[in-house]
Amino acid sequence: MSEQIRAKRELFIPGHYGCPGCGATVAMQQTLSVLGEDTIVVMTAGCWSSLIGIYPYTCLTVPVVSVAFGATASVAAGIKAGLTIQGNDHTTVLAFAGDGGTFDIGFQPLSGVVERNDDILFICYDNEAYMNTGIQRSSATPAGAWTTTTPDSARKGQRKKNMVEIMAAHRIPYAATASIGAPEDLKEKLEKAKNIKGSRFIHLFASCPTGWRHATELSIEVARQAIKSRVFPLYEVFGGDTWQLSSMPEKEGVDAYLKHQGRFKKMSVEERDRMQMRVDDDWQRLINRCQAPRAVG
């Protein structure tokens, strides 16, 4: 293949089966645009295994391996080991899983892979529930949110698991948060992760209009509001020890984030105030852990 033809090759082509406004599709498009075609994608039985297309048709032109729900990290590590035996040290092996396949069902093999510091890039596209199977709550679902398994009469009471802290505790070379609402920040972090050897983990916030009950045209805006409100702050962790804040916009209250989402519509004033207090406490805790922040709102 000539360099001219190669430069024109699209890695994400029309025809995905995602819902209108799907943040997970934006996450994949943004990711592949940086990683390039020398990438093998391993995806679990989440949203992406459905929206990629029905065989033999696919919206991705890079090699894709679809695996069982809990096997994403393990299979990715095995593929990387096979490439290494062949003398291939340049292909990026991308494990791409939702929060169910990362926080819950896929957690044990992911922990094993990063404990061994296997040379893969694991990206969790986090839409905060099991969206592919009917909007059931996961351990990434925030407190106070409606899902089909935490209905309005019994909304989720537990707080969201902090996966980056867990990955950092494994002392891996690189862990970070990113968002489809901050594409330049994501690009910078992907370029950084691509050139690091060992286990890399990116927690990628990907809004879901179907499960979050917001208008389809607001997916990017909702993701941006998560950053502004500090519900989902952006930062990096190097070697498990060095915490670095990313550039952040001016801080706003959580109400600006909550107001567009039907999954939070039953929250009382007291619940919103409690959420604001938790976000403020977590933000201050993060600031205290980070060194030499670039900009703080």
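Read-outs: derived from the displayed coordinates by stated rules, not from any lab. Predicted, not measured: the structure shown is a model, and the values here were computed from it. No Cβ is skipped: glycine too gets one built from the backbone with ideal geometry, and neighbour counts run over all protein chains shown.
Values computed for the structure shown
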quantity	calculated
Percent of Cα-Cα distances greater than 12 Å, calculated over region 106-159	69
DSSP bridge orientation in the chain - percent antiparallel, rounded to nearest 5	25
Proximal charge balance of residue 215 [Cβ under 15 Å; K/R count +1, D/E count -1]	+3
Highest to lowest packing among 22-32, 221-231, 157-167, scored as the average C-beta count within 10 Å	22-32, 221-231, 157-167
When region 27-93 is reduced to its Cα atoms, the Kirkwood hydrodynamic radius in Å	12.7
Net dipole in debye of the chain [+1 Lys, Arg Cβ; -1 Asp, Glu Cβ; about Cα centre; nearest 20]	400
Taking the convex hull of Cα positions in region 63-176, its mean projected area over all directions (nm²)	7.5
Rg to Rh quotient for region 3-289, alpha carbon positions, Kirkwood Rh	0.95
Estimated FRET transfer efficiency (residue 171, residue 259; beta-carbon r; R0 41 Å; 0.05)	0.55
The chain: calculated mean residue ellipticity at 222 nm from DSSP helix runs of at least 4, using -39500 (n - 2.57)	-10000 deg cm²/dmol
Stokes-Einstein translational diffusion, region 170-211 - Kirkwood Rh over all Cα pairs, 0.890 mPa s, 25 °C, in µm²/s	219
Label-zone membership for region 228-247, site residue 289, 7 angstrom Cα→C-beta point, backbone N under 14 Å	232-246
Fully extended contour minus Cα-Cα distance, from residue 271 to residue 154, at 0.36 nm per residue	40.8 nm
Gaussian network model of the chain, Cα within-10 Å springs - most flexible of 204, 83, 121	83
Rounded to 10°, Cα long-axis angle of helix 219-228 versus longest principal axis of the chain	70
